[in-house]
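For reference, the structure is listed below as structure tokens.
The values are calculated or read from the model by the stated rules, or taken from the named source; none is laboratory data. Computed from a prediction, not measured in an experiment: that's the story for all the values here. Here the Cβ positions follow ideal geometry from the backbone for every residue, glycine too, while neighbour counts run over all protein chains shown.
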Amino acid sequence: MPHGSTLDLAQIADPLRATPELRRQLIDCWIAVTNSGGAAGFPFPPVRDDEVAPVADQLVGRLHPQQSRLITARFDGVLAGWVILSRDPYRLVGHWGTVNHLQTHPAFRGRGVGSALVRDLQRIARDELELEQLHLAARGGEGLEDFYGRLG
């Protein structure tokens, strides 16, 4: 991808808006991230399509305007990264959200994709879902603590 391309961020809150093309790109990104050593939810790489596809389908199937959002980042229509934001399902902590599966495709690393996704997620959490706290689900010891720390 040319480095002059503009990053486009979008969110999906309805499983019916997740096209077959997007589904395929999510799965391909997840496989690429995991198989390049990323801590993306599968502890024993390498992973294959038949392992990742059902998990991706579950995530997309749980999307809901008030409960869960998929935020995507694209360069020229190509998926560069994605993240899931979910509201806590329990009433007492319904003002909390959880950040899961932040991923940047290896071909797009170093271009600010992860930072842009987190900033957009923070805006959506605050302005649209009215969440007061975000909790990060991440595997420790992967060298990402500074990245997440800079983003708050």
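At pLDDT 95 or above and part of a helix (DSSP H, G or I): does that describe residue 24?
yes
Out of the residues in segment 63-91 meeting the condition of being among the aromatic types (Phe, Trp, Tyr) and more than 11 Å from the chain's Cα centre (by Cα), tell me which one is nearest to residue 26 (Cα to Cα).
Residue satisfying both the conditions and the ranking: 75.
Name the residues in segment 58-104 that are part of a loop (DSSP other than H, G, I, E, B) and not small (Gly, Ala, Ser), would you?
As a first pass, look at segment 58-104 and keep what is part of a loop (DSSP other than H, G, I, E, B): 62-63, 65-67, 76-77, 88-90, 94-95.
Once the filter is applied, which keeps residues that are part of a loop (DSSP other than H, G, I, E, B) and not small (Gly, Ala, Ser), segment 58-104 yields 62, 63, 65, 66, 67, 76, 88, 89, 90, 95.
Across segment 34-64, what is the number of residues that are closer than 23 Å to residue 124 by Cβ and at pLDDT 95 or above?
Final tally of qualifying residues: 10.
Just to be sure before I move on: is residue 99 surrounded by 13 or more Cβ atoms within 10 Å (Cβ to Cβ), in contact with a Leu (Cβ under 7 Å, 6 or more places away or on another chain), modelled with pLDDT of 95 or more and within 23 Å of residue 24 (Cα to Cα) in the structure I sent?
no
All but one of (1) out of contact with any Phe, Trp or Tyr (no Cβ under 9 Å at 6 or more places or on another chain); (2) small (Gly, Ala, Ser); (3) over 21 Å from residue 134 (Cβ atoms); (4) in contact (Cβ under 8 Å) with a residue 24 or more places away in the chain hold for residue 68; which doesn't?
All conditions are met except number (3).
Could you tell me whether any residue of segment 105-115 is touching a strand residue (DSSP E or B) at 6+ places or on another chain (Cβ under 8 Å), closer than 20 Å to residue 13 by Cβ and either not in a loop (DSSP other than H, G, I, E, B) or not charged (D, E, K, R) (or both)?
No - not one qualifying residue is present in segment 105-115.
Quick one: how many residues across segment 1-21 are at pLDDT below 95 and either loosely packed, with under 11 Cβ neighbours inside 10 Å or more than 19 Å from residue 73 (Cα to Cα) (or both)?
Taking segment 1-21 as the starting set, the residues that turn out to be at pLDDT below 95 are 1-6.
Adding the requirement that they be either loosely packed, with under 11 Cβ neighbours inside 10 Å or more than 19 Å from residue 73 (Cα to Cα) (or both) leaves 2-4, 6.
Residues meeting the conditions: 4.
For residue 140, state whether it is modelled with pLDDT under 90, of a type outside the set (Asp, Glu), in a loop (DSSP other than H, G, I, E, B) and farther than 22 Å from residue 26 by Cβ.
So residue 140 fits the description; yes.
Specify the residue that is farthest from residue 113 (Cα to Cα); the eligible residues are those in segment 50-94 that are among the charged types (D, E, K, R) and surrounded by fewer than 13 Cβ atoms within 10 Å (Cβ to Cβ).
91
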